[in-house]
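Q: Before anything else, here's the structure in question.
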Amino acid sequence: MVDPAFFDEAVSIVGPEHVLRDADVVAGYTVDWTGRFSGSSPGVLRPGSTEQVAALVELCRRHGVALALQGGATSLSGGTVPLEGEVVCSLVRLWDLEVDALSGQASAGAGVRIEALQSAAERAGWAYGVDLASRASATVGGTVATNAGGIRVLRHGDTRAQLLGVSAVLGSGETVSHMSGLVKDNTGYHLPSLLCGSEGTLGVLTEARLRLVRRSPERVVALLALRDAHAAIEAASDLRRGLASLSAVELFFAPGLALVRGHTGLPDPFERPHGAYLLVEASADDDPTTELSEAVDALGGVEEVAVALDATRAGELWRYREAHTEAINRRGTPHKLDVAVPMGAIAQFVDRVPGVVRDVAPGAEVWLFGHAADGNVHVNVTGVAPEDDALDAAVFELASGLGGSVSAEHGIGIAKRKWLHLSRSPAELAVFGAIKSALDPDGVLNPSVLLGG
Ligand code: 2HG
Ligand code: ZN
């Protein structure tokens, strides 16, 4: 039970319109995007500056109140859910955005949407290197906190690779700010790297200094139908090696394609189903169509190819891949098991997952897709009760047994806390605990996430 005086003081910090107490409104902040995880909260705070965040963290420490941090609330591992009745702190009002065209960098508030950052970068003649299907909702704060990956990791790296500096309020109440954007700055511990991927357990990120990348204005998209997963992974590797303009290579399968077609009404891209599909994008200064066609011609195991000749068709081809998430959610509340597997083991993993799932959950439906060049498979399972996690364990153990990780790009959140030990040794977990105690000694930041539970 939170002391009413807590909310009175919160009002004096952020203003009455930014302290939400209406039960129906607050309820909207307590369920994750998939609908699998939910919690409860006595209220939502919406600070508008780093100073207000610092004052709120101080207030929490005094009252022994914990915060659940939220940006665009697109987490697919329950990372934004106030599982233990935390007060929600929404960072979406931190929307300052400044592009420094000279240095090719941007300073962006935690609440800036990725799509807005991408557009601002483009207007200044640059691009932002991270792109993901949830770009319209996902925020800078959330993507830094979870070290989001997405569809361009093969070209530009993950969010951590874009990060030059942060401003953050630590759980200790201290504000750390290192936003000069110096590309060379060898002065000790790299706090941005530590905070990136810490899932809001160490500090509240309020602003980030981000590297921008060169624009590649000419783009071509093709959909390849392949014999099977083995051929698809070989092809993805060959394309990475041989196609300099490769900017995305995404994997999916016939069941997912059929589901997406049912959901979107898009036509079948090919006359018959195939064993695996790769959505390939090349982008460069000059039209890369010829280069892409030659690279595709040299691949083995390709049964059919559809090339987009205009932007509308390119958007459609992308939709076959990007609409998987929404189509699956429409089918039923999914278990989302985002794993990474060494390249040499992906095809085997993909072949074995359906059997492993059906052994523990016979009525389950399995949907597989992912980022082929990153060894990142999104295992989605529908038709199983949200709380029945036997299949989660089976899939994580399979991935881990093949040398993989229980989280490729969605973080641990609340969904995978039980299986963190499959990817991290006792010694590593002890270091995690020591860092948590040092930076958030009272445990006021995201106590349910990552290390909690
Ligand atoms: C994607 O790659 C996202 O589209 C979502 O990471 C994955 O829905 C998923 O499981
Ligand atoms: Zn993904």
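The values are calculated or read from the model by the stated rules, or taken from the named source; none is laboratory data. Only a predicted model underlies this, so the values are computations on that prediction, with no experimental measurement involved. Here the Cβ is made from the backbone with ideal geometry for all residues, glycine too, and neighbour counts use every protein chain on show. We work out accessible area using only protein heavy atoms, side chains counted, and drop any ligands, DNA or RNA first. Shrake-Rupley method; radii C 1.70, N 1.55, O 1.52, S 1.80 Å.
Q: Determine if segment 54-65 includes at least one residue that is at pLDDT 95 or above, assigned to a loop (DSSP other than H, G, I, E, B) and surrounded by fewer than 24 Cβ atoms within 10 Å (Cβ to Cβ).
A: Yes, segment 54-65 contains at least one residue that is at pLDDT 95 or above, assigned to a loop (DSSP other than H, G, I, E, B) and surrounded by fewer than 24 Cβ atoms within 10 Å (Cβ to Cβ).
Q: Follow-up question, since we're still on this one. Determine, yes or no, whether N380 is within 16 Å of A254 (Cα to Cα) and surrounded by 22 or more Cβ atoms within 10 Å (Cβ to Cβ).
A: Considered against the rule, which asks whether it is within 16 Å of A254 (Cα to Cα) and surrounded by 22 or more Cβ atoms within 10 Å (Cβ to Cβ), N380 comes out as yes.
Q: Ok, one more. If I filter segment 72-82 for residues that are among the hydroxyl-bearing types (S, T, Y), in contact with a helix residue (DSSP H, G or I) (Cβ under 9 Å, 6 or more places away or on another chain), open to solvent by less than 20 Å² (accessible area, probe 1.4 Å) and at pLDDT 95 or above, do I get at least one hit?
A: Within segment 72-82, one or more residues are among the hydroxyl-bearing types (S, T, Y), in contact with a helix residue (DSSP H, G or I) (Cβ under 9 Å, 6 or more places away or on another chain), open to solvent by less than 20 Å² (accessible area, probe 1.4 Å) and at pLDDT 95 or above.
Q: Moving to a separate point now. Within segment 327-348, restricting attention to residues that are more than 14 Å from ligand 2 (Cβ to nearest atom) and of a type in the set (G, A, S), which residue is nearest to G265 (Cα to Cα)?
A: So the residue we want is A327.
Q: If you don't mind, another one. Output the number of residues of segment 117-138 satisfying the condition of being within 16 Å of ligand 2 (Cβ to nearest atom), farther than 12 Å from R152 by Cβ and without any contact (Cβ under 8 Å) to a residue 40 or more places away in the chain.
A: Within segment 117-138, residues that are within 16 Å of ligand 2 (Cβ to nearest atom), farther than 12 Å from R152 by Cβ and without any contact (Cβ under 8 Å) to a residue 40 or more places away in the chain number 1.
Q: For segment 371-380, state whether one or more residues are in contact with a strand residue (DSSP E or B) (Cβ under 7 Å, 6 or more places away or on another chain) and farther than 21 Å from I346 by Cα.
A: no
Q: Need pairs with beta-carbon distance below 8 Å; first residue in contact (Cβ under 8 Å) with a residue 60 or more places away in the chain and crowded, with 21+ Cβ neighbours inside 10 Å and within segment 441-453, second in a loop (DSSP other than H, G, I, E, B) and among the acidic types (D, E); sequence gap 6+ or separate chains.
A: Short answer, once both residue conditions are applied: N446/E86; N446/E199; P447/E84; P447/E86; S448/E84; S448/E86; V449/E199; L450/E199.
Q: Sticking with this structure for a sec: Within the set of pairs 6 or more residues apart or between chains, which connect a residue that is among the hydroxyl-bearing types (S, T, Y) inside segment 251-267 to a residue that is open to solvent by 20 Å² or more (accessible area, probe 1.4 Å) with Cβ atoms less than 8 Å apart?
A: T264/R319
Q: Any idea which residue in segment 150-198 is nearest to ligand 1 (Cβ to nearest atom), counting only those that are surrounded by fewer than 18 Cβ atoms within 10 Å (Cβ to Cβ), farther than 26 Å from R61 by Cβ and of a type in the set (S, T, Y)?
A: Checked segment 150-198; the qualifying residue nearest to ligand 1 (Cβ to nearest atom) is S180.
Q: If you don't mind, another one. Somewhere in segment 11-30, is a residue in contact with a Gly (Cβ under 9 Å, 6 or more places away or on another chain), outside any loop (DSSP other than H, G, I, E, B) and free of Cβ contacts under 8 Å to residues at least 40 places away in the same chain?
A: yes
Q: Would you confirm, using the coordinates I've provided, whether L292 is more than 16 Å from ligand 1 (Cβ to nearest atom), modelled with pLDDT of 95 or more and open to solvent by less than 30 Å² (accessible area, probe 1.4 Å)?
A: So L292 passes the test.
Q: Give me a count of the residues in segment 199-232 that are out of contact with any strand residue (DSSP E or B) (no Cβ under 8 Å at 6 or more places or on another chain) and either basic (K, R) or in a helix (DSSP H, G or I) (or both).
A: Here the count works out to 1.
Q: In this structure, is V153 within 23 Å of E199 (Cβ to Cβ), more than 11 Å from ligand 2 (Cβ to nearest atom) and at pLDDT 95 or above?
A: For V153, the condition - within 23 Å of E199 (Cβ to Cβ), more than 11 Å from ligand 2 (Cβ to nearest atom) and at pLDDT 95 or above - is not met.
Q: Something else now. Taking only pairs six or more apart or across chains, which ones have beta-carbon atoms under 7 Å, a first residue in segment 410-436 that is among the basic types (K, R) and away from ligand 2 (no atom under 16 Å from the Cβ), and a second residue that is open to solvent by less than 50 Å² (accessible area, probe 1.4 Å) and in a loop (DSSP other than H, G, I, E, B)?
A: These pairs meet every condition: R417/L450; R417/G452; K436/T201; K436/L202.
Q: Take S400 and decide whether it is without any contact (Cβ under 8 Å) to a residue 24 or more places away in the chain, open to solvent by less than 40 Å² (accessible area, probe 1.4 Å) and of a type outside the set (A, V, I, L, M, F, W, C).
A: Against the criterion (without any contact (Cβ under 8 Å) to a residue 24 or more places away in the chain, open to solvent by less than 40 Å² (accessible area, probe 1.4 Å) and of a type outside the set (A, V, I, L, M, F, W, C)), S400 qualifies.
Q: Return yes or no: is L259 open to solvent by 20 Å² or more (accessible area, probe 1.4 Å), at pLDDT 95 or above and within 14 Å of ligand 1 (Cβ to nearest atom)?
A: Yes.
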